[in-house]
Amino acid sequence: MQNEKVLVLDFGGQYNQLIARRVRECNVYCEVHPYNMPIDKIKAFGAKGIIFTGGPNSVFGEDSPKIDKEIFELGIPVLGICYGCQFTAYSLGGMVLHAPVSEYGKTLVTVDNNSLLFKDCKKETNVWMSHTDYVSKVPDGFKITAHTESCPVAAMENAEKKLYAVQFHPEVMHSEEGMKMLSAFVYDVCGCVGDWKMADFAKSTIKSLREKIGNGKVLCALSGGVDSSVAAVLLSKAVGKQLTCVFVDQGLLRKNEGDEVEAVFGPNGPYNLNFVRVNAQERFYAKLKGVTDPERKRKIIGEEFIRVFEEEAKKIGAVDFLVQGTIYPDVIESGLGKSAVIKSHHNVGGLPSVVNFKEIIEPLRLLFKDEVRKVGLELGIPEYLVYRQPFPGPGLGIRIIGEVTAEKVRIVQEADYIYREEIAKAGVDKSCNLGQYFAALTNMQSVGVMGDFRTYDYAIALRAVQTSDFMTADWARIPYDVLDIVSRRIVNEVKGVNRVLLDCTSKPPATIEFE
């Protein structure tokens, strides 16, 4: 990759991919790697700047993540965030102590506007704090550039060596001027110019795919979702009829979705793709029988997808490449080095160890969701497809808590259809700026009364969030009258449901999906 780059070294913090996302919003390419990335690989990466993430550890712990001090001598600007700030101070001879008063949440901080990092910020600004340790004495050559009422070193810097550190989280939306700070770091400190553009990405990716594939045959796993659709069109533009798109209806799709996908990408659709539909509902239900653990469900679904694709590849004959719509959050959430696995995405952590293809191609692997949408628009894909509701690869398998059965799939399909229909009818998707909304089937059954008879049926949970990047999200305040209609319709029309619940949890601490 020829673009200027910023490297995020992950110390296990929950906001690792959000930091990368914010840097990319500055039109600067950014990647997340484990904190223990070898120094020689860090040098080879060619970063114009390095950012240390936060993390749950204390620098005093025996197992706490640490990097060789050589990283501070590479001449590459560094920004340490939260734990990254404490690690910087601790490594360079400063002092870190357990805070007498921990700081959590929105905090007023006073900044030094003479610092490049804070040059465009107000003298006092709100930031997001989350720490129990703090820097009590800065290393030699550093000066304090921000403080709060209870934190004497909310930020510090050695401007000569281009080493910066902040105790708070500028990447989260609660830090009101956090984007100004990150922009100042990548532009003013690191000297970036902002050359990460989606139009360039589309052109260069098509060119590199054409070179990589040559005359080979390609099979694309097409779900009809945004990611796989953009991947399919990219490949189609690169290799044309060498591409066959296989759509697997695994029985875990939304109501009518299989027919809708075929209408768009099938033989009568606008894209003129080689399109194969495989109806494998019973096969997937059999594999999932009795399975309740969400990680096992994801891995089973991922492996079965691959096996279906292998079988279809044999029918096509000598397929060299399998294409997937994997995106960057899938990769990060499936685990980086020693970082926590949030969830194994069926196309990353859920892949079997043996795959019968020469190579798996993931042209969107480095992109965030909103970047994928931009690429889709650059490729001429209609807005109604690019901005359609996101849908997880494992489908309703992770919107059904507990065992997956055909009957449970029917219940959640019907409830979700009603929910989406009423949202659209009321125009709430636009008026409430909904990023994603769906119905999920809980594993809870409770007593109800319907027509003077006792019932003991399932509870449906309604989920709706507002988000720009799908890494953080706030639960959406849908009008009560709309929720009332949805609830009454679901209970009256969906057999097996007698209760409707509303999920009012943001991400974090929750994920957008249920499993």
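So what is log10(I(q)/I(0)) for the range 202-342 at q = 0.08, 0.11, 0.19 1/Å, when the Debye sum runs over its Cα atoms only?
Calculated log10 I(q)/I(0) at the listed q: -0.24, -0.45, -1.23.
Specify whether the C-alpha gyration tensor of the range 1-141 places it in the rounded, prolate or oblate class, a ≥ b ≥ c being the square roots of the eigenvalues: rounded for a/c under 1.5, otherwise prolate if a/b is larger than b/c and oblate if not.
oblate
Could I have the simple spin-label model distance between residue 108 and residue 241, label points 7 Å from Cα toward Cβ, reported in nm to one decimal?
My value for the distance between the label points is 7.1 nm.
Which of the listed residues, 233, 57, 78, is farthest toward the dipole's positive end in the chain, when Lys, Arg count +1 and Asp, Glu count -1 at the beta-carbon?
The residue sitting most towards the positive pole is 233.
In debye, nearest 20: dipole of the range 243-333 around its Cα centre with unit charges on the Cβ of K, R (+) and D, E (-)?
280 debye
Averaging over every viewing direction, what projected area does the convex hull of the Cα atoms of the chain cover, in nm²?
Quarter of the Cα hull surface area: 26.0 nm².
I'd like the accessible area for residue 169: 1.4 Å probe, protein heavy atoms, all chains in place, Å² to the nearest 10.
10 Å²
For the pair residue 136/residue 204, report the inter-label distance in nm, with labels modelled 7 Å from Cα in the Cβ direction.
Each label point lies 7 Å from its Cα, and together they span 4.8 nm.
If R₀ is 45 angstrom, what is the calculated FRET efficiency for the pair residue 36 and residue 505, using the beta carbon separation as r and rounding to 0.05?
Approximately 0.85, to the nearest 0.05.
Which helices, counted as full DSSP H runs in the chain, have an axial Cα extent of no less than 24 Å and a Kyte-Doolittle average of -1.0 or above?
Qualifying helices, which must be both long enough and hydrophobic enough, are 294-316, 406-426.
Contour minus end-to-end for residue 488 and residue 45, with contour as 0.36 nm per residue of separation and end-to-end as the Cα-Cα distance?
153.9 nm
Please report the antiparallel percentage of DSSP beta bridges with both residues in the chain, rounded to the nearest 5.
So the antiparallel bridges in the chain amount to around 50 percent.
Please get the size of the charge dipole for the chain, origin at its Cα centre, with Cβ charges of +1 on Lys and Arg and -1 on Asp and Glu, quoted in debye to the nearest 20.
Dipole magnitude for the chain comes out near 860 debye.
Given the peptides 221-233, 366-378, arrange them by the average over their residues of other C-beta atoms within 10 Å, most packed first.
Result, highest mean first: 221-233, 366-378.
To the nearest 10 square angstrom, what accessible area does residue 481 show with a 1.4 Å probe?
Here the residue's solvent-accessible area equals roughly 100 Å².
For the chain, what is the mean residue ellipticity at 222 nm derived from helices alone (per DSSP H run of n ≥ 4: -39500 (n - 2.57); sum divided by total residues; nearest 500 deg cm²/dmol)?
Per the formula, -9500 deg cm²/dmol.
The values are calculated or read from the model by the stated rules, or taken from the named source; none is laboratory data. Just so it is clear, the model here is predicted, and its values are computed rather than measured. Positions of Cβ are backbone-derived with ideal geometry, glycine not excepted, and every protein chain shown enters the neighbour counts. These accessible areas exclude ligands, DNA and RNA; they are computed on the full protein's heavy atoms, side chains included. Shrake-Rupley method; radii C 1.70, N 1.55, O 1.52, S 1.80 Å.
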